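Visitor: Sharing a structure below in structure tokens format, with a few things to ask.
The values are calculated or read from the model by the stated rules, or taken from the named source; none is laboratory data. On a predicted model such as this, the values are computed, not experimentally measured, just so you know. A quick note on method: Cβ atoms are made from the backbone with ideal geometry, for glycine too, and the neighbour counts reach across all protein chains shown.
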Amino acid sequence: MKSGAGDKGLFSEMLRLVAESGFRLTLPAAVAVFVFQGLLIGGQETRPPVIKHEPVKAAARGQSVSIRAVVHDPDDAVVSVTLYYAVSKDAAPFKAPMQSLGAGAYVGVIPAGVIADAERFSYYIEAIDQAGLVSETPWYVVKVQSASADRQTAVSGDNGKSSWKKAALVAGVVGAGVAGAVAISQSGGGGSGSGNNPEAGTYSGTATTYVEIPGQPLDYDTNPITIIIDSNGIVSSDNLLEGEHLEGLLIGNDFLLTAQTKGTNYTGEIRYNGTVAGGRITGAIQGTLTTDNGAAGSYSGTFHAVRE
């Protein structure tokens, strides 16, 4: 029988769906909404990623905060894990990709400068799998106190030069190491803590960066740099990328600092892969960029520094 909007009764209409694999499924139209809360791919339902995270329990003014999580997907590969954080309800949150450490572990960093003048900050984690399914944690709110203050408990909130050298930093992310990944995986994620890193200190040296854009002369620059590693393994620099503050986390002997860049006619990403050993830092610079007219360019180079 035919039915109109709002009619009640037993309807005979049928919904027929054909999957890419040729799998055929016929269901009454009335129940389709319940069946397809998941996603059918090749006749099999896929589920969103699962995020395991222990909320941050402390935030000290003047110190970066590392956010850890373990993410797995029962059906598909995880393609991205992103940290969102904000210091004001009225402002759009900052977005920082979390670095994969292997074994399903991810780490992101909230820079010290962002929360330097804040009384509190909030954050949440988003994970997306290959099927496009999304999972999010609730917002977590953390009070910021002086470094000598007692630890605070995180409270769950509502769910809910005019050239490449002036590139804007969007997010700094952190380095990888299998040992660190295993430790985080076993603990189920969480926030930063105290430590006594033997590589801690101030390192001085130089960085040479090349910027190559098709149809333009090769641009390069060599500049002095200072890299600081604190006792908790936080790696930071105010001049590795001129005019910008970069922060990341030392995992084992390695770190990775990544920045999204934006110039007058291009956008891109630059990565600083560093290794610390024997009081020395050596590293490689890599990255890609795209001009407004679609031309693809690249970053390359090296950096090194010695502990003072």
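Visitor: Can we say residue 247 is surrounded by 19 or more Cβ atoms within 10 Å (Cβ to Cβ), among the acidic types (Asp, Glu) and touching a strand residue (DSSP E or B) at 6+ places or on another chain (Cβ under 9 Å)?
Guide: Considered against the rule, which asks whether it is surrounded by 19 or more Cβ atoms within 10 Å (Cβ to Cβ), among the acidic types (Asp, Glu) and touching a strand residue (DSSP E or B) at 6+ places or on another chain (Cβ under 9 Å), residue 247 comes out as yes.
Visitor: Can you tell me which residues in the range 86-123 are of a type in the set (A, V, I, L, M), in a strand (DSSP E or B) and either buried (at least 23 other Cβ atoms within 10 Å of the Cβ) or in contact with an Asp or Glu (Cβ under 7 Å, 6 or more places away or on another chain) (or both)?
Guide: Hits for the range 86-123 are 96, 101, 105, 107, 109, 110.
Visitor: Quick one: residue 290 ticks every box in (1) of a type in the set (S, T, N, Q); (2) within 23 Å of residue 199 (Cα to Cα); (3) not in a loop (DSSP other than H, G, I, E, B) except a single one, so which number is it?
Guide: With respect to (1) of a type in the set (S, T, N, Q); (2) within 23 Å of residue 199 (Cα to Cα); (3) not in a loop (DSSP other than H, G, I, E, B), residue 290 is out only on (2).
Visitor: Further, regarding this structure: Return the only residue of 39, 83, 27 being at pLDDT below 90, surrounded by 13 or more Cβ atoms within 10 Å (Cβ to Cβ) and either closer than 15 Å to residue 134 by Cβ or in the same structural domain as residue 119 (by TED's automatic domain parsing) (or both).
Guide: Criteria check complete, one pass: 39.
Visitor: Any chance you could count how many residues in the range 256-281 are under 18 Å from residue 236 (Cβ atoms), at pLDDT 85 or above and in contact with a strand residue (DSSP E or B) (Cβ under 6 Å, 6 or more places away or on another chain)?
Guide: The qualifying residues number 12.
Visitor: Could you give me the residue pairs with C-beta distances under 6 Å whose first residue belongs to the range 242-269 and is outside the structural domain of residue 95 (by TED's automatic domain parsing) and assigned to a strand (DSSP E or B), whose second residue is buried (at least 19 other Cβ atoms within 10 Å of the Cβ) and among the aromatic types (Phe, Trp, Tyr) wherever it lies, and which are 6+ apart or on separate chains?
Guide: Final answer for the pair search is 248/255; 257/272.
Visitor: Check 282, 288, 275 and return the single one that is assigned by TED's automatic domain parsing to the domain that holds residue 226, farther than 16 Å from residue 201 by Cβ and either touching a helix residue (DSSP H, G or I) at 6+ places or on another chain (Cβ under 6 Å) or hydroxyl-bearing (Ser, Thr, Tyr) (or both). Write out each step before concluding.
Guide: Numbers: 282 fails: farther than 16 Å from residue 201 by Cβ; 275 fails: farther than 16 Å from residue 201 by Cβ.
Answer to the selection: 288.
Visitor: For the range 224-240: of the residues being of a type outside the set (Gly, Ala, Ser) and under 19 Å from the mean Cα position of the chain (by Cα), which is farthest from residue 277 (Cα to Cα)?
Guide: The selected residue is 234.
Visitor: Separate question: Taking the condition of being crowded, with 20+ Cβ neighbours inside 10 Å and touching a His at 6+ places or on another chain (Cβ under 8 Å), how many residues in the range 232-244 meet it?
Guide: Summing the residues that are crowded, with 20+ Cβ neighbours inside 10 Å and touching a His at 6+ places or on another chain (Cβ under 8 Å) in the range 232-244 gives 2.
Visitor: Do we find that residue 267 is loosely packed, with under 15 Cβ neighbours inside 10 Å, within 20 Å of residue 97 (Cα to Cα) and of a type outside the set (A, V, I, L, M, F, W, C) in this structure?
Guide: For residue 267, the condition - loosely packed, with under 15 Cβ neighbours inside 10 Å, within 20 Å of residue 97 (Cα to Cα) and of a type outside the set (A, V, I, L, M, F, W, C) - is not met.
Visitor: Restricting attention to the range 93-118, report how many residues are in contact with a strand residue (DSSP E or B) (Cβ under 7 Å, 6 or more places away or on another chain), under 14 Å from residue 145 (Cβ atoms) and among the charged types (D, E, K, R).
Guide: Total satisfying the criteria: 0.
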